[in-house]
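One structure below.
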Amino acid sequence: MIRVLLAEDQGMMRGALALLLGLEDDIEVVAQVASGDDVVTAALETLPDVALLDIEMPGRSGLDAAAALRERLPACRVVILTTFGRPGYLRRAMEAGAYGFLVKDGPVEELATSIRRVLGGERVIDPALAAAALSSGPSPLTDRERDVLAAAADGSTIADIALRLHLSESTVRNYLSSSIGKTGTRNRIEAARTARHNGWL
């Protein structure tokens, strides 16, 4: 049996996926979590072969959880399953060690087949998304610019961001200015929106 961990914050979607995958003769869902913070703990308890991770969840993102799984449980293969088919997310997922990247509107048979292929050592990527990722290029933002821009996205003040990230206010201003320039936008709100749309945040 292929042991699967399922991380999805929407209860109905999580339940439906677990039910559908459970109908497969060779797949068993051994853990279900609703938060990115619970992924590693559940994985260490149940030792799944494959972890299906949503990207946007409460707490740690699926991309961060994938990177943590690679470090703590390298035998577990990660497949990102998301509504948000953004090229930047695909690049970040691959950098985090994911073996698969699929969008949720695909057929469940394809998901089961992808789980089997990933366990066999293949990489499985949504073809349209792969083409888009190749044409869009990598994120122009550094890790620190991304952190500062993400912190600014909720409208936090410079002082709040500086306190939260343990930076000086002038350093925060510099990172925001650089991010605005690199995204070709007029202000930090537009920069954050553009970066999120491209999957860079």
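The values are calculated or read from the model by the stated rules, or taken from the named source; none is laboratory data. Since the structure is predicted, the reported quantities are computational estimates derived from the model, not experimental observations. Cβ placement follows ideal geometry from the backbone for every residue including glycine, while neighbour counts extend to all protein chains displayed. Calculation scope for accessible area: heavy atoms of the full protein, side chains included, ligands and nucleic acids excluded. Shrake-Rupley method; radii C 1.70, N 1.55, O 1.52, S 1.80 Å.
Of note:
- Test: residue in region 33-43 that is of a type in the set (Ser, Thr, Tyr) and farther than 22 Å from Gln10 by Cβ: no
- Scanning region 137-147 for residues that are open to solvent by less than 60 Å² (accessible area, probe 1.4 Å), assigned to a loop (DSSP other than H, G, I, E, B) and not polar (S, T, N, Q) returns Gly137, Pro140, Leu141.
- Of the residues making up region 148-163, those that are modelled with pLDDT of 90 or more, open to solvent by 30 Å² or more (accessible area, probe 1.4 Å) and under 20 Å from Arg193 (Cβ atoms) number 3.
- Conditions (1) among the aliphatic types (A, V, I, L, M); (2) in a helix (DSSP H, G or I); (3) open to solvent by 30 Å² or more (accessible area, probe 1.4 Å): number failed by Leu167: (2)
- Scanning region 6-23 finds no residues that are surrounded by 14 or more Cβ atoms within 10 Å (Cβ to Cβ), assigned to a strand (DSSP E or B) and in contact (Cβ under 8 Å) with a residue 60 or more places away in the chain.
- Restricting attention to region 28-43, the residues that are open to solvent by 70 Å² or more (accessible area, probe 1.4 Å) and either part of a helix (DSSP H, G or I) or modelled with pLDDT under 95 (or both) total 3.
- Pick from region 85-127, criterion free of Cβ contacts under 8 Å to residues at least 40 places away in the same chain and of a type in the set (Val, Ile, Thr), ranking: surrounded by the most Cβ atoms within 10 Å (Cβ to Cβ): Ile125
- Scan of region 170-201 for residues that are crowded, with 21+ Cβ neighbours inside 10 Å and within 20 Å of Tyr89 (Cβ to Cβ), ordered by number: Ser179, Thr183, Ala191, Ala192, Ala195, Gly199, Trp200, Leu201
- If you go through region 44-84 and keep only what is within 19 Å of Ala16 (Cα to Cα), among the β-branched types (Val, Ile, Thr) and surrounded by 15 or more Cβ atoms within 10 Å (Cβ to Cβ), you end up with Val50, Ile55, Val79, Ile80, Thr82.
- Hits in region 61-95 - residues which are under 9 Å from the mean Cα position of the chain (by Cα) and in a loop (DSSP other than H, G, I, E, B): Ser61
- Residue check for Ala150: within 25 Å of Leu90 (Cβ to Cβ) and assigned to a helix (DSSP H, G or I): yes
- Residue match in region 114-124 (condition: β-branched (Val, Ile, Thr), closer than 30 Å to Leu6 by Cα and modelled with pLDDT under 90): no
- Among residues of region 27-49 that are within 16 Å of Leu73 (Cβ to Cβ), those with a beta-carbon under 9 Å from a residue that is in a strand (DSSP E or B) and among the polar types (S, T, N, Q) at least six positions away or on a different chain give the pairs Ala42/Gln32.
- Contact map, region 167-191: residues that are more than 12 Å from Ala153 (Cβ to Cβ) paired with residues that are charged (D, E, K, R) and part of a helix (DSSP H, G or I), Cβ distance under 7 Å, separation 6+ or inter-chain. Pairs shown: Tyr175/Arg144; Tyr175/Glu145; Ser178/Glu145; Ile180/Arg188.
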